[in-house]
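Okay, structure first, notes after.
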Amino acid sequence: MSKEAQIKLKLNEGPVDRILRVALGIVLMVPGLTGVAAGIWLWLAFLFGAILLVTGLVGFCPLYTLFKINTARK
């Protein structure tokens, strides 16, 4: 793989930030998975929860990069 094709993701989320994102992501996805919520709220909660879960697990948030935020230890 060429250097141009590689994407470098630098961790920009600290441990507390990551734990909160994963926990909130799971909480937001549960109503959709259990059928408690319905309609547009189900999809919005599930989508937002999935985004939080993935960014929390990976440790990288594109919006943090855009706004130059870094909660990771330096």
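The values are calculated or read from the model by the stated rules, or taken from the named source; none is laboratory data. All figures in this text were calculated on a predicted structure; none of them were measured in a lab. FYI the Cβ positions are ideal-geometry reconstructions off the backbone, even for glycines, and counts take in every protein chain you see.
Results, tabulated for the structure shown:
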read-out	value
From the options I7, I19, residue that is out of contact with any strand residue (DSSP E or B) (no Cβ under 6 Å at 6 or more places or on another chain) and modelled with pLDDT under 90	I7
In region 22-35, residue modelled with the lowest pLDDT [restricted to those that are hydrophobic (A, V, I, L, M, F, W, C) and out of contact with any helix residue (DSSP H, G or I) (no Cβ under 6 Å at 6 or more places or on another chain)]	L33
Residue satisfying all of: in region 5-48; within 18 Å of L63 (Cα to Cα) and among the β-branched types (V, I, T); surrounded by the most Cβ atoms within 10 Å (Cβ to Cβ) among these	V22
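Table: residues versus (1) within 18 Å of L9 (Cα to Cα); (2) part of a loop (DSSP other than H, G, I, E, B); (3) free of Cβ contacts under 8 Å to residues at least 60 places away in the same chain; (4) among the hydrophobic types (A, V, I, L, M, F, W, C).
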site: G25; (1), (2), (3), (4): no, no, yes, no
site: L28; (1), (2), (3), (4): no, no, yes, yes
site: G32; (1), (2), (3), (4): no, no, yes, no
site: L44; (1), (2), (3), (4): no, no, yes, yes
site: G49; (1), (2), (3), (4): no, no, yes, no
site: L52; (1), (2), (3), (4): yes, no, yes, yes
site: T55; (1), (2), (3), (4): yes, no, yes, no
site: Y64; (1), (2), (3), (4): yes, no, yes, no
site: N70; (1), (2), (3), (4): yes, yes, yes, no
